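The values are calculated or read from the model by the stated rules, or taken from the named source; none is laboratory data. Remember, predicted model here, so these are calculated numbers, not experimental data. Because the Cβ atoms are built from the backbone with ideal geometry, glycine has one as well, and the counts that use them run over all protein chains shown. Surface areas here come from the heavy atoms of the whole protein model, side chains and all, with no ligands, DNA or RNA. Shrake-Rupley method; radii C 1.70, N 1.55, O 1.52, S 1.80 Å.
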2 protein chains.
Amino acid sequence: MALASDNPRDEQRDVKERLLARPAPPAPKIACFHCPARTSDLCRGVADKDLEELFASSSRIRLKAEETLILDGDEASTVYNVISGAMRLTRLSGDGRRQILGFLFTGNYIGLTPDTLYHFNAEAVSDVELCAFDRRRLETLFKLHPAMEATFRAMAAKVIDQTYDLLFTLGQRTAVERVASFLLYLREAEQCPGKPGAPLHLPMTRTDIADFLGLTIETVSRSFTKLRTDKIIHLVDAHRVEVLRPDLLLAAAGEEAP
Amino acid sequence: MALASDNPRDEQRDVKERLLARPAPPAPKIACFHCPARTSDLCRGVADKDLEELFASSSRIRLKAEETLILDGDEASTVYNVISGAMRLTRLSGDGRRQILGFLFTGNYIGLTPDTLYHFNAEAVSDVELCAFDRRRLETLFKLHPAMEATFRAMAAKVIDQTYDLLFTLGQRTAVERVASFLLYLREAEQCPGKPGAPLHLPMTRTDIADFLGLTIETVSRSFTKLRTDKIIHLVDAHRVEVLRPDLLLAAAGEEAP
DNA sequence: CGTAACCTTGAACGACTTCAACTCACGTGG
DNA sequence: CCACGTGAGTTGAAGTCGTTCAAGGTTACG
């Protein structure tokens, strides 16, 4: 990886500036109509007739895998909606430890915090396409569209609920339970729950999963193996998991009696 | 403890109904003026002249230690502000495991969730005095008082920040680090940071601390002992801790190099 | 004064980590 | 085209930290 600057913060900011400066790519008049995130989260509450307004206040940006979008302490002036790919929210300590606070997929949003600053980093797990909104304009939009406001509340509630779930997982569950919980979390968080038989896609590395669950990569790997030898999942490869027995997975997560 | 019903949920709800039904105790015309929570969190944004309005929409309630205020799944129709005492927010699993999501002290609020339901339990750690607001009325008040809205945002941001801190603690820190972090958390969360030399009051039991930090009570106790033998704290008794060396406590929490 | 609840301490155990070796997929360049 | 190097993932063996089990101590209250 070529380093243009010896200050990682500056370097990352350069990436961000460059991406934000780039005008929206040549897109259909109103891209929102065909946006994969049209029916989810941020935009769901907007009526078709208001899409133009929403589109006008947005701009598309792209990130390559591992690029940084937000640094802890940045001013929270922009709200992002994930159109495709996966992002991660992280918090770091001085001595290099990292906790992943959550993953974000198509339709999830980043940055609608009540604070004026972000208190986490946001990085791309895979190549990512985002829709960026000016926060003030978006909040004005909320006031104009009660349905959007309601949708936002539901989204925020879901985020809080997921965060509490993760707290419970980190505080109370064993390694295998954590990994099982993680797979259930992914099943819910990843967009298409349409295909029940389709294997689950894990865009993140074992290191990401470990830093999310408060484990080491070795323990994560061993837990996957345990679930595999128990015939609860099938590991197509390291990034594709087929859930063979959802009921047993639930039990393995400590959610129910087997 | 006398059981009026064999269903704990009903029993607890009875407590709640009774307390909510009780009219505000004989108080000065506008109790808010002398409320210990006047200058913190929910009410800080209200100008003196608007206090009457705020007071009119509120009612005082009291809880004894260990009484339940909110059950997971209850309708989120009321917002509470802690006037005195300590509360805890918890999440339970079917098999009896418990994670404490946070503690609440004077000036902290409970229940301003974006959802229509609560997704946690709220219980009194000590005897507690609360101020109850109808949520809809409070939200209307927010719209009328921009300063209140701003204050609410700051409060919500603090809660999220603390929750992320706890996530990091549970995922990344060792036992002693967790307990040290807990003491730092208490120092910040408990109202009066005015007296730097005064011992910290821990109203909760070791079991509460353990369920907050994802440890057992034995490990919590051993960690306190470790901090004591290292001359970082002085254990006046089980519920009073004097921080002798704030710098070393910070280092013990893994926040900085010693 | 006795009981019970809470806290502390000790010893043995077990779960997860650490350290290390090995496999596999992929990409690069000889 | 294959050798080589690299990075990610898996697996094994040893070690460590926190848990479990057990006992003793302290405090509060009837």
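Before moving on, here are some points about what is shown:
- Size of electric dipole in region A:138-258: Cβ of Lys, Arg +1 and of Asp, Glu -1, about Cα centre, debye, nearest 20: 220 debye
- Other copies of B:Thr116: label-to-label distances in nm, shortest first, labels 7 Å along the beta-carbon direction: 3.6
- Percent RCO, i.e. relative contact order, over region B:70-222, from Cα pairs under 8 Å lying at least 6 residues apart: 26 percent
- Distance between region B:214-246 and region B:52-95 - C-alpha centres, whole angstrom: 30 Å
- Plainly put, the tip 7 Å out from Cα toward Cβ on B:Arg240 is 6.5 nm from that tip on each other copy, the closest given first.
- Solvent accessible area, Å² - A:His34, 1.4 Å probe, full protein context: 150 Å²
- A simple spin-label model places the labels of B:Asp134 and A:Glu190 4.7 nm from each other, with each point 7 Å out along Cα-to-Cβ.
- For B:Asp115, the accessible surface of its heavy atoms amounts to roughly 40 Å² (probe 1.4 Å, protein chains only, rounded to the nearest 10).
- Charged-residue dipole, Cβ positions (Lys, Arg, Asp, Glu), region A:74-122 about Cα centre, Debye nearest 20: 240 debye
- For region A:173-252, the spherically averaged projection of the C-alpha convex hull amounts to 4.7 nm².
- For region A:78-187, convex hull volume per residue from C-alpha positions, Å³: 123 Å³
- Normalised convex hull volume, region B:103-258, alpha-carbon set, Å³ per residue: 134 Å³
- For region A:100-258, the solvent-accessible area with a 1.4 angstrom probe is 44 square angstrom per residue.
- B:Arg187 label point (Cα plus 7 Å toward Cβ) to equivalent points in the other copies: 4.5 nm, shortest first.
- For B:Cys43, solvent-accessible area (1.4 Å; no DNA, RNA or ligand), Å²: 10 Å²
- Applied to region B:215-224, the Karplus parametrisation 6.51 cos²θ - 1.76 cosθ + 1.60 on θ = phi - 60° returns per-residue 3J(HN,Hα) values of 10, 9, 4, 5, 5, 4, 4, 4, 5, 4 Hz, with x for Gly and Pro.
- Solvent exposure, largest accessible area first (probe 1.4 Å, DNA, RNA and ligands not counted), of A:Arg206, A:Arg136: A:Arg136, A:Arg206
- Computed from backbone phi, the HN-Hα couplings of region A:239-251 come to 10, 9, 10, 9, 8, 7, 10, x, 5, 6, 5, 4, 5 Hz, rounded to whole numbers (Karplus: 6.51 cos²θ - 1.76 cosθ + 1.60, θ = phi - 60°; Gly and Pro given as x).
- Chain-alone versus full-assembly comparison, region B:151-176, residues with accessible loss of at least 30 Å² (1.4 Å probe): B:Arg153, B:Ala157, B:Asp161, B:Thr163, B:Tyr164, B:Leu167, B:Phe168, B:Leu170, B:Gly171, B:Gln172
- Shielding of A:221-231 by partner chains, average beta-carbon count, 10 Å: 0
- Compactness relative to 2.2 N^0.38 Å, alpha carbon Rg of region B:33-122: 1.19
- Interface size, chains B and A: roughly 3100 Å² of accessible area buried, both sides included, 1.4 Å probe, rounded to the nearest 100.
- Distance from the axis that maps chain A onto chain B is least for the Cβ of the chain A residue given, with the whole Å value, as A:Leu170, 2.
- Of the GluC sites (Glu not before Pro) found in region A:111-163, not one falls in a DSSP loop while having at most 13 other beta-carbon atoms within 10 Å.
- Rounded to whole Hz, the Karplus (6.51, -1.76, 1.60) HN-Hα couplings of region A:153-163, x for glycine and proline: 4, 4, 5, 4, 4, 5, 4, 4, 4, 5, 5
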